[in-house]
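Here the structure is laid out as structure tokens; the discussion comes afterwards.
The values are calculated or read from the model by the stated rules, or taken from the named source; none is laboratory data. Only a predicted model underlies this, so the values are computations on that prediction, with no experimental measurement involved. As a convention, Cβ positions derive from the backbone with ideal geometry for all residues, glycine included, and neighbour counts pool all protein chains shown.
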Amino acid sequence: MAALGWLTPRRRSATARSVLAGEAAAEAARKSASELGEAPTGAAVEAPPEAAEPEFPVPGDHRAAAFFDLDNTVMQGAALFHFGRGLYKRHFFRKRELARFAWQQTWFRLAGVEDPAHMEDARNSALSIVKGHRVSELMSIGEEIYDEYMAERIWPGTRALAQAHLDAGQKVWLVTAAPVETATIIARRLGLTGALGTVAESVGGVYTGKLVGEPLHGPAKAEAVRALAAAEGLDLARCAAYSDSANDIPMLSLVGHPYAVNPDTRLSKYARERGWRLRDYRTGRKAAKIGIPAAAGLGAVAGGTAAAVALHRRRR
């Protein structure tokens with residue numbers, strides 16, 4: 001921590017939380033991947049012509065891996081919003097609370113910035129939802145919700161990019177602010193290696209209502225990728241990362257092969273200025289209109305799928 005001495009106490013604290021969150025995510029990702037064994041490659045997906053990159057990925061380069069953001073990169077919309085719909089269907093909360101959640105997400109989209117007080121309030125209410133619930137319970141619900149709301153929302157083009165890395169013999173990881181349990185379900189269903197996600201504390205298989213570090217968003221994603229690369233013996237200069245959001249510039253900047261996929265305006269401009277590769281699989285009007293993106297910290301919070309909603313526990 002001595003290297004952080006030039007920072008203000010508040011900045012040092014935020015950086016330390018990002019590092020902690022990243023390290024916890026990397027540890028959880030490697031553990032879940034190990035428990036699952038060698039990840040299946042999944043059904044082959046034919047890549048559209050624009051996704052073909054003859055020189056990359058390099059077959060047999062085991063010091064390379066690929067890191068994919070989830071919301072609006074791999075999947076249309078926000079994973080946590082879709083899980084929230086599933087939880088509403090199962091009477092976890094009321095209609096007015098669902099509307100409040102949707103408004104919070106829309107506000108984040110329109111404002112384009114994160115109000116720390118706003119995000120902390122959302123985070124705390126989300127953690128209150130999962131507190132006392134068993135991890136296994138929410139994992140089981142998450143499996144059902146994936147089939148109901150998410151399976152048909154995977155972008156075929158991005159899925160083809162991931163498949164190219166798998167076919168080259170490389171590992172492919174999701175990196176998301178969504179709960180690690182939720183992200184792991186999605187990664188497994190897609191035949192990917194595993195997932196880096198927000199880690200919520202649990203004791204004896206029951207959520208305590210606390211996070212380990214902070215939501216895996218922005219700089220914390222970069223720390224998670226850095227930690228996982230060190231543990232896996234990867235060379236980041238030979239790795240690839242894919243995202244739609246300027247919030248993920250720290251992660252994209254870590255690797256030698258950054259891709260902007262379905263990019264927002266800021267990321268598109270940033271990527272073009274630096275000569276990064278761009279891929280856009282949206283059709284019609286701007287796909288920013290499709291779904292509701294996860295707000296940083298809001299989307300992170302739950303160590304189980306109930307964090308999807310960032311709402312108060314349903315009154316009984």
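Points worth noting:
- Residue match in segment 206-223 (condition: surrounded by 23 or more Cβ atoms within 10 Å (Cβ to Cβ), touching a residue at least 24 places away in the same chain (Cβ under 8 Å) and on the phi > 0 side of the Ramachandran plot): no
- Restricted to segment 173-222, the set of strands (runs of 3 or more DSSP E) holding at least 1 residues that are within 16 Å of Y242 (Cα to Cα) comprises 194-198.
- Taking every residue in segment 234-246 that is in a helix (DSSP H, G or I) and pairing it with any residue that is among the small types (G, A, S), at least 6 positions away or on another chain, the pairs with Cβ-Cβ distances below 6 Å are L236/A229; A237/G256; R238/A64; R238/G256.
- Number of residues in segment 154-164 that are in contact with a Phe, Trp or Tyr (Cβ under 9 Å, 6 or more places away or on another chain) and not polar (S, T, N, Q): the value is 6.
- Residues that are closer than 25 Å to E23 by Cβ, modelled with pLDDT of 90 or more and out of contact with any helix residue (DSSP H, G or I) (no Cβ under 9 Å at 6 or more places or on another chain) occur at least once in segment 151-164.
- Exactly one residue out of G291, G275, G299, G304 is under 22 Å from L161 (Cα atoms), of a type in the set (G, A, S) and modelled with pLDDT under 50: that is G291.
Residues are listed down the side, and each one gets a yes or a no for (1) more than 19 Å from the chain's Cα centre (by Cα); (2) among the basic types (K, R); (3) modelled with pLDDT under 85; (4) buried (at least 19 other Cβ atoms within 10 Å of the Cβ):
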residue	(1), (2), (3), (4)
R96	yes, yes, yes, no
L110	yes, no, yes, no
E114	no, no, yes, no
M119	no, no, yes, yes
R123	no, yes, yes, yes
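- When the criteria are applied in full, V130 fails the requirement of being closer than 30 Å to H257 by Cβ, at pLDDT 75 or above, among the hydrophobic types (A, V, I, L, M, F, W, C) and buried (at least 22 other Cβ atoms within 10 Å of the Cβ).
- Within segment 68-89, residues that are at pLDDT below 90 reach partners that are of a type in the set (F, W, Y) with beta carbons closer than 8 Å, at six or more positions or on different chains, in the pairs F81/F101; H82/Y149; F83/Y149; G84/F101; R85/Y149; G86/Y149; L87/F93.
- Considered as a group, the residues in segment 247-269 that are outside any helix (DSSP H, G or I) and hydrophobic (A, V, I, L, M, F, W, C) include one that is nearest to R159 (Cα to Cα), and that residue is V261.
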